[in-house]
Amino acid sequence: MSLRQLATVRRAYLRILELICFTLMAALAVIVVLGVTYRSFGAALVWYDEIASVLLAWLTYYGAALAAYRGGHIAVSSIVDAMPRPLRVAVTLFAEACVIGFFLLLGWVGWTILDVLATDTLVSLPEIPVSYVQSVIPIGSFLYVLAELLRLPELLSAAAAPPRMEVNP
């Protein structure tokens, strides 16, 4: 895949993740406003608490993939930057392998759990299977791994680059 094609794929992936996160945030906001409005009039939506919790969990998983794509997760890049160039590349590869390995394991476990949850349904909306709700674990894990893989060339390029010189005032 050429650099130009990779850039196109990365932009499309970013837009898809942003759209998913925006949609989930908008849906969550609408549901919370509906829930508060109904309660202020003395009524309550039976499904409000459960669906709001599900949407928040989904937003967390999909938002984590978006943050991974943008490099927004906790990292100690100053330690890696201080290492010699060959060691920076090795440490970057090791760190990415650990992260990707963890999310592959999480996705696999999440996938196997779906069979266990196949007969369960939500309490407030029995027509919605819990396996549908929990599918966010393998899907979110896959999206996270994909985000890491799309960022890998950029990370390796930064690790192989000469160290940045910072001037302290």
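Every number in this text was worked out from the coordinates using simple rules, so none of it is lab data. Everything quoted here is computed from the prediction, not taken from an experiment. Methodologically, a virtual Cβ is constructed for each residue, glycine included, from the backbone with ideal geometry; neighbour enumeration extends over all protein chains shown.
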Neighbourhood net charge (15 Å Cβ-Cβ; Lys/Arg +1, Asp/Glu -1) for LEU143: +2
Net lengthening on full extension, ALA82/LEU34 (0.36 nm per residue, minus Cα-Cα): 12.1 nm
Computed over the chain: relative contact order in percent, which uses C-alpha pairs under 8 Å that are six or more apart: 27
Taking the C-alpha atoms of segment 1-100, convex hull volume expressed per residue in Å³: 128
Cβ-derived FRET efficiency at R0 25 Å, ILE113 paired with LEU156, nearest 0.05: 0.15
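Quick check on packing: order 135-144, 74-83 by the mean number of other C-beta atoms within 10 Å, highest mean leading. Spell out each step's value before the answer.
Values: 135-144: 20.5, 74-83: 11.1.
The packing order, highest mean first, is 135-144, 74-83.
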Structure-based [θ]222 nm, the chain - -39500 (n - 2.57) summed over DSSP H runs of at least 4, per residue, nearest 500: -26500 deg cm²/dmol
In segment 61-169, the GluC sites (Glu not before Pro) that fall in loop regions by DSSP, at most 15 other Cβ within 10 Å: GLU127, GLU166
Highest average packing first - 100-109, 36-45, Cβ atoms within 10 Å: 100-109, 36-45
Alpha-carbon centroids, segment 78-124 and segment 132-161: separation in whole Å: 9
